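Quick notes on the structure that follows.
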Amino acid sequence: MRTRENRTISVPATLVRGGTSKCWLFDVADIHGRGASLEDVLVTAFGSRDRSQIDGVGGATSTTSKAAIVAHSYEPGVDIDYTFGQVGVGVERVEWGSNCGNCATAVGLYAIHSGLVRPRGDHTRVRMRNTNSGSRIDAVVATPGSEFVPTGDAVVPGVALPGVAVGLEFIDPVGAGALLPTGRAVDPLGPEDTPATLVDAGAPAALLDAPSVGLTGSESVAEFAQRLPGLLPLRREAAIRMGLSTPEQPVDHAVPKLGVIGPPRDYTTTAGQRVTAAEFDVSVRMVSMHAPHPVIGLTSMVAVAAAATAPGSTVHRYTAAGRRIRIGTAAGVVSAVLDLDTSGRLTGVTLNRSARVIARADIFVPAARSEPAIAR
């Protein structure tokens, strides 16, 4: 067997579960200046050349193929800057066009674990800026006795074991832009004029009315997957209407987010637990990188919560936003707390999450691609 020798670089990294995602976190000083582009390093480290990611550290799903580059921030009032990358699965590409709330949860815990932020009291506030979107997020991390703790007792739907409690606060999630980019609470999409709310808060999202596409919003992941191919063309149309793409361009896989919204109804979670309609306010099934999300992404949660404040939206028709909205997902019920000013404008969204540091490692990354081995 003949092979070609290649130089290998070693990149320090930390694997952290944040919410319902796993994220490899890199200190900016450890990953830049490696003789290759950042994107090349990540797709090679994750093994993105095949869908199994068998030759890398990726987990072969959208929720386990994520990275963030973390740095001390020099912005006044900000502790940490982080850049999120959605690393391709079977595609040699990293998408930089969106934020990830679950990875933000991981970054908050990592900042204390790595010493970038010193713990202060029983709860330490880590002030973060996402460089992809410019958005501000604070992570309030449990640090009992002013110490980092490796685990805790906070649980979230979709994760079997508890972790460290992290409160994630999205500050002014709408920002200087418009909550409804088209200026309408509902836009008709596709040949059937499917009602959809196109919202930009947390992340751009297209929220379809579930009954209008023959769904309830309480489908199992497998049931939702069967219907997904018919919904993706509506996502493309939404991207064009929101100014995220043009008819001639391919649409980014990460944004806009796509989801279906329905009224509360009894259903069974992925883990087999029965949930009654009285336990939540609205049914939601979301898409992540062209596949059903097993729970819901945090930026999607912010988008749903924000849409609930818009009269006539696909969310508002089922639940008018108060100070809290309870969302029924395939894995269970998750809640968002809304901060509203006196005019009813959304000024913040808080989500209760958990995180856990899983590993610290040196990832060995081939510095140049090798030719396939030739059997003799």
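Values computed for the structure shown
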quantity: Of the criteria (1) out of contact with any strand residue (DSSP E or B) (no Cβ under 6 Å at 6 or more places or on another chain); (2) aliphatic (A, V, I, L, M); (3) buried (at least 24 other Cβ atoms within 10 Å of the Cβ), which one Met289 fails; calculated: (3)
quantity: Of the criteria (1) under 29 Å from Ser354 (Cβ atoms); (2) surrounded by fewer than 17 Cβ atoms within 10 Å (Cβ to Cβ), which one Arg127 fails; calculated: (2)
quantity: Number of positions in the range 97-118 that are surrounded by fewer than 19 Cβ atoms within 10 Å (Cβ to Cβ) and modelled with pLDDT of 95 or more; calculated: 4
quantity: Number of the condition not met by Pro311 [criteria: (1) in contact with a strand residue (DSSP E or B) (Cβ under 7 Å, 6 or more places away or on another chain); (2) surrounded by fewer than 19 Cβ atoms within 10 Å (Cβ to Cβ); (3) closer than 19 Å to Val199 by Cβ]; calculated: (1)
quantity: Matching residues, the range 142-158, being in contact with a strand residue (DSSP E or B) (Cβ under 7 Å, 6 or more places away or on another chain) and among the polar types (S, T, N, Q); calculated: Thr143, Thr151
quantity: Residue that is surrounded by the most Cβ atoms within 10 Å (Cβ to Cβ), among those in the range 322-332 that are in contact (Cβ under 8 Å) with a residue 24 or more places away in the chain and assigned to a loop (DSSP other than H, G, I, E, B); calculated: Ala330
quantity: Identity of the residue in the range 333-346, of a type in the set (Gly, Ala, Ser) and under 17 Å from the mean Cα position of the chain (by Cα), that ends up surrounded by the most Cβ atoms within 10 Å (Cβ to Cβ); calculated: Ala336
quantity: Pairs with Cβ under 8 Å, 6+ apart, first in the range 337-353 and touching a residue at least 12 places away in the same chain (Cβ under 8 Å) and closer than 10 Å to Ile171 by Cα, second among the aliphatic types (A, V, I, L, M) and not in a strand (DSSP E or B); calculated: Leu346/Val174; Leu346/Leu179; Leu346/Ala305; Leu346/Ala306; Val349/Met301; Val349/Val302; Val349/Ala305; Val349/Ala306
quantity: Counted residues, the range 76-129 - those being within 14 Å of Thr299 (Cβ to Cβ), hydroxyl-bearing (Ser, Thr, Tyr) and assigned to a helix (DSSP H, G or I); calculated: 1
quantity: Considering residues of the range 130-180 that are part of a loop (DSSP other than H, G, I, E, B) and of a type in the set (Asp, Glu) only, the residue surrounded by the most Cβ atoms within 10 Å (Cβ to Cβ); calculated: Asp172
quantity: Residue check for Ile261: at pLDDT 95 or above, out of contact with any strand residue (DSSP E or B) (no Cβ under 8 Å at 6 or more places or on another chain), within 25 Å of Gly312 (Cβ to Cβ) and in the same structural domain as Ala336 (by TED's automatic domain parsing); calculated: no
quantity: Residues satisfying the stated conditions in the range 250-283, i.e. buried (at least 18 other Cβ atoms within 10 Å of the Cβ) and basic (Lys, Arg); calculated: Lys257
quantity: Residue within the range 187-200 that is assigned by TED's automatic domain parsing to the domain that holds Val295, in a strand (DSSP E or B), among the hydrophobic types (A, V, I, L, M, F, W, C) and out of contact with any Asp or Glu (no Cβ under 9 Å at 6 or more places or on another chain) present; calculated: yes
quantity: Residue in the range 21-40 that is farthest from Gly297 (Cα to Cα), counting only those that are at pLDDT 95 or above and crowded, with 21+ Cβ neighbours inside 10 Å; calculated: Phe26
quantity: Residue match in the range 217-232 (condition: buried (at least 20 other Cβ atoms within 10 Å of the Cβ) and either modelled with pLDDT under 95 or closer than 26 Å to Asp341 by Cα (or both)); calculated: no
quantity: Restricting the range 197-215 to residues that are in contact with a helix residue (DSSP H, G or I) (Cβ under 6 Å, 6 or more places away or on another chain) and at negative phi, the residue that is surrounded by the most Cβ atoms within 10 Å (Cβ to Cβ); calculated: Val199
quantity: Every pair of residues 6+ apart whose Cβ atoms lie under 6 Å, when the first sits in the range 226-248 and is over 13 Å from Val213 (Cα atoms) while the second is polar (S, T, N, Q) and modelled with pLDDT under 95; calculated: Ala239/Ser245
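The values are calculated or read from the model by the stated rules, or taken from the named source; none is laboratory data. Quick caveat, the model's predicted, so the values are computed rather than measured. Here Cβ is always computed from backbone atoms with ideal geometry, including for glycine, and neighbour counts include all displayed protein chains.
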